[in-house]
Amino acid sequence: MKEKTILLVEDNPDDVALTLRALKKNNISNDVVIARDGAEALDCLFGTGKCEDHDGSTLPVLVLLDLKLPRISGIEVLQRLRSDERTKLVPVVILTTSKEEQDLIDGYRFGANSYIRKPVDFSNFIEAVRQLGLYWLVLNEAPPGGGK
Amino acid sequence: MHNDINRYHRLFEDSVVGMWWATFEDGVILEANPAMHRLFGVESFEGTRAIDFYARSKDRERVKEQLLQVGAVHDLEILYRKKDGTEFWGSHSAWLYPEQGIIEGIMIDVSHRRWTEEALRRSEAKYKTLFNCANDAIYIIRDSEIIDCNPQTLKVFGCSLKEILAAQSPIRFSPPLQPNGKDTRVKFFEKIGKTLSGESQFFEWKHYRHDGTPFDAEVSLNRIELDGEVLVQAIVRDITERKQAEERIRKANEDLRRRSAELEALNKELEAFSYSVSHDLRAPLRAIDGFSQALLEDYHDKVDEEGQDFLRRVRAASQHMARLIDDILVLSRISRAELRYGTVELSAMASAVAEELQKAGGKEQIDFVAVPGIVAKGDPNLLRIVMENLLNNAYKFMGSKKGTIEFGMVVEDEKPVYFVRDTGVGFDMAYANKLFTPFQRLHREDEFEGIGIGLATVQRIIHRHGGHIWAEGEVGKGATFYFTL
């Protein structure tokens, strides 16, 4: 994984295209690695499975995590991430459709850094991505050891 | 001989038996021994006559008649009256000496025996009444056999006295096994044994009627003594109806449990459904809106003005649908949410909400008035939604008119009725019943925006509080929404 990579965990190809478009619109030029489900996301993070080739020494600068995923859910990915020494400090932004109270509670309880509900209005979505890019990729100081 | 007279005199003086002589015709007492004085509580019989001592005058006539006919009476029990008026029973024997016209008599007080016998008779009569008129079957068991029973027993078991006595034992009127699986015969003798040893028994029993139909009974067994014989008295109450009622209640409870389990499952399903609605229905909308926007941005030179208008309409429609979905979710969440009761200062809440709306909507031309100090019990979060919706509507339907919005309370049937009143465009009362139906609107979208879910949500919250909501209005004059909690 290259430096300053964003890991986008999203199973819906439309949402993937729209998120990439929103990033592009905001001139966020970081590499984006896409994981289509929770298992793939874990592979990408820990250098296992189809990501065996990379040694797992570099971590994404930011994880954009959908909650409703096939196989391993977003909340499970978050739990695994937070319980592993290597990945426990990686910033994770939950980017989801749900605003069910339980999802919000679980997201924060298991250590998400932000929780953003994807708006239907694409203009609003672009604005949300702009703000989260500005905050997490520009303003925020990454934890030492992570995101290099 | 002289000694003999002395001896008889002593007997006369010392005897506890009353002895006396009197004239037959007038009943004048000629002589009486001390026992007689004690019996009647007198110092002397001088100047008294026998008639004075009979409690019932006809008794004297009876005695006289019998003396005349047979010359003597023996052990006649007669009610006498003492000098002080108290009565006692005397056993009385007398002989008539017709030549001299004199009666000789003896008497002893048998009151104690008489009173005891009478009390016994009375208590027996009472028992007999109870026995005969009781609503329960009562029968007497000697050595496990029925020897007597009351009329209700025949009714309960549906047979004649002959049949009951022929059946001998209550076991004949019982199934071989009791509902708990115990052998009827074993159980019966165990109960009888315990009763005879002085331990009264009370238990439920399965019985058969004479025709074989089973019934549930409540039995109480007691040890009694009759004529020196130790017997068992059984009281049997037919509790079929009570059992049936109990069974009905049990079934109703079971039904209720099953239904509430079903309801719970349904609720879970609904929860899963709304979760999937919030996730799965919104995702395609995002794609529709997002890619329409992409077309507008990246292909505006290939899509003409009309095409671009269509794309904008696609976007507006998808955003509208997103709002619909959100509002439906709010409505369903309100139906599911647990009520958390607290004290709610409605006046303060209304004022705060009104202030926000006034600022946000630039509606400075409208006056807001709240009657201060109105407090109610309810869920603060949900009642806030009620206030927001009602006041939001009020402000919305004032349009750009000047006017007043009011929050207040009236008392009807000793219960508080809260209201939100505006002087806005109002509504036609003919449509009043449609106000609270989801997605029903009384105004066109281009007149007043909205999707018609606000009042449905309000109504659901009010209903969940056990209250009612209704509205009064007139076109052009305003509307008032009343609610109770």
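The numbers here are math on the coordinates, done by the rules we state, and not lab data. Everything numeric here is computed off the predicted structure, so don't read it as measured data. FYI the Cβ positions are ideal-geometry reconstructions off the backbone, even for glycines, and counts take in every protein chain you see.
Once R0 is set to 56 Å, what does the formula 1/(1 + (r/R0)^6) return for the Cβ-Cβ distance between B:Glu61 and B:Ser160, expressed as a FRET efficiency to the nearest 0.05? Step by step, r from the Cβ atoms, then E = 0.70. Remark: region B:290-306, residue by residue, has Karplus-estimated 3J(HN,Hα) of x, 6, 4, 5, 4, 4, 4, 7, 8, 10, 5, 7, 9, 10, 6, 4, 5 Hz, where x stands for each Gly or Pro and the curve is 6.51 cos²θ - 1.76 cosθ + 1.60 at θ = phi - 60°. Multiplying the residue separation of B:Asp309 and B:Leu130 by 0.36 nm and removing their Cα-Cα distance gives an extension gain of 54.6 nm.
Entry note, chain B: the mean residue ellipticity at 222 nm calculated from DSSP H runs of n ≥ 4, each adding -39500 (n - 2.57), is -15000 deg cm²/dmol after division by the residues and rounding to the nearest 500.
For the peptide A:96-103, the mean number of other protein chain Cβ atoms found within 10 angstrom of a residue's Cβ is 4.
Sequence gap at least 6, Cα distance under 8 Å: using those rules, report the relative contact order of chain A to the nearest whole percent. Mind dumping the intermediate values first?
Values: 247 pairs, mean separation 40.0, N = 148.
So the answer I get is 27 percent.
Of interest is the spacing of the C-alpha centroids, which for region A:91-125 and region B:54-73 amounts to 119 Å. Here region B:260-307 and region B:419-485 have alpha carbon centers that stand 29 Å from each other.
Near B:Ala265: Cβ cut-off under 11 Å, other residues only, Lys/Arg at +1 and Asp/Glu at -1. The net charge is -1. Eigen-decomposition of the gyration tensor built on the alpha-carbon atoms of chain B gives equivalent ellipsoid semi-axes of 105, 36, 17 angstrom, largest listed first. For region B:366-380, 3J(HN,Hα) computed residue by residue from phi via the Karplus equation (6.51, -1.76, 1.60; θ = phi - 60°) reads 9, 8, 10, 10, 10, 5, x, x, 7, 10, 9, 9, x, 7, x Hz, glycine and proline entered as x. Projecting the Cα atoms of A:Thr97, A:Tyr135, A:Pro13 onto the charge dipole of region A:6-139 (Cβ charges, centred on the Cα centre) puts A:Tyr135 farthest toward the positive pole.
When the C-alpha to C-alpha distance is required to be over 19 Å, the pairs from B:Lys359/B:Lys401; B:Lys162/B:Lys182; A:Lys24/A:Lys118 that qualify are B:Lys162/B:Lys182. Evaluating kT/(6 pi eta Rh) at 4 °C and 1.567 mPa s, with the Kirkwood radius of region B:2-111 over Cα pairs in the Stokes-Einstein relation, gives 91 µm² s⁻¹. Which entries in B:Lys126/B:Lys191; A:Lys4/B:Lys302; B:Lys251/B:Lys434 show an alpha-carbon gap greater than 31 Å? Where the Cα-Cα span goes over 31 Å, the pairs concerned are A:Lys4/B:Lys302; B:Lys251/B:Lys434.
Computed over region B:134-238, the Cα gyration tensor eigenvalues convert (square root of 5λ each) into semi-axes of 19, 17, 12 Å, ordered from largest to smallest. Shape verdict for region A:19-123, please, from the Cα gyration tensor: rounded (a/c under 1.5), prolate (a/b greater than b/c) or oblate. Because a/c hits 1.5 or more and a/b fails to exceed b/c, region A:19-123 counts as oblate. One decimal place: the segment B:Thr404-B:Glu46 gains 117.5 nm when fully extended, by the rule 0.36 nm per residue minus the C-alpha distance. From the alpha carbon centroid of region B:140-164 to that of region B:203-242 is 10 Å. Taking H placed 1.01 Å from N in the peptide plane, check which residues at least 5 places from B:Gly403 or on another chain put their amide H under 5 Å from its amide H. Counting only residues 5 or more places away or on other chains, the set is B:Asp367.
The charge dipole of the protein assembly as shown, taken about its Cα centre with unit charges on the Cβ atoms of Lys, Arg (+1), Asp and Glu (-1) only, comes to about 600 debye.
Working from label points 7 Å from Cα in the Cα-to-Cβ sense, the A:Asn27 to B:Ser335 distance is 5.0 nm.
For region B:342-483, the residue among B:Tyr431, B:Ala350, B:Ala376 whose Cα projects farthest onto the positive side of the dipole built from Cβ charges is B:Tyr431.
So which trypsin sites (Lys or Arg not before Pro) in region B:208-303 are both in a DSSP loop and have at most 13 other Cβ atoms within 10 Å of their Cβ?
Details: sites: B:Arg209, B:Arg223, B:Arg237, B:Arg242, B:Lys243, B:Arg248, B:Arg250, B:Lys251, B:Arg257, B:Arg258, B:Arg259, B:Lys268, B:Arg282, B:Arg286, B:Lys302; in loops: B:Arg209, B:Lys302.
For trypsin sites (Lys or Arg not before Pro) across region B:208-303 that sit outside H, G, I, E and B with at most 13 neighbouring Cβ atoms in 10 Å, the list reads B:Lys302.
Close amide H contacts of A:Ile116 (hydrogens built in the peptide plane, cut-off under 5 Å, sequence separation of 5 or more or a different chain): A:Ile94, A:Leu95, A:Thr96. Could you name the lysines in cross-link range of B:Lys82, using Cα to Cα under 30 Å and dropping any fewer than eight places away on the same chain? List returned: B:Lys58, B:Lys64.
Which log10 I(q)/I(0) values, to two decimals, does the protein assembly as shown give at q = 0.08 Å⁻¹ under the Debye formula with one point per Cα? Summing over Cα pairs of the protein assembly as shown leads to -0.86. Placing pseudo-labels 7 Å out from each Cα toward the beta carbon at A:Lys99 and B:Glu145 gives an inter-label distance of 9.0 nm. Amide hydrogen proximity for B:Ile102: with H placed 1.01 Å from N in the peptide plane, the residues at 5 or more positions away or on another chain lying under 5 Å are B:Phe24, B:Tyr97.
In a simple Cβ point-charge model (Lys, Arg +1; Asp, Glu -1; nothing else charged), region B:144-283 has a dipole of about 200 debye relative to its Cα centre.
Compute, for region B:2-111, the length of the dipole vector about the Cα centre, with Cβ point charges of +1 (Lys, Arg) and -1 (Asp, Glu) only. Units Debye, rounded to 20.
The calculated dipole for region B:2-111 is roughly 220 debye.
Of the residues B:Val410, B:Gly290, B:Tyr127, the one whose Cα sits farthest towards the positive end of the charge dipole of chain B is B:Gly290 (charges of +1 on Lys and Arg Cβ, -1 on Asp and Glu Cβ, taken about the Cα centre). Were the residues from B:Arg121 through B:His463 laid out at 0.36 nm apart, the gain over their Cα-Cα distance would be 116.2 nm.
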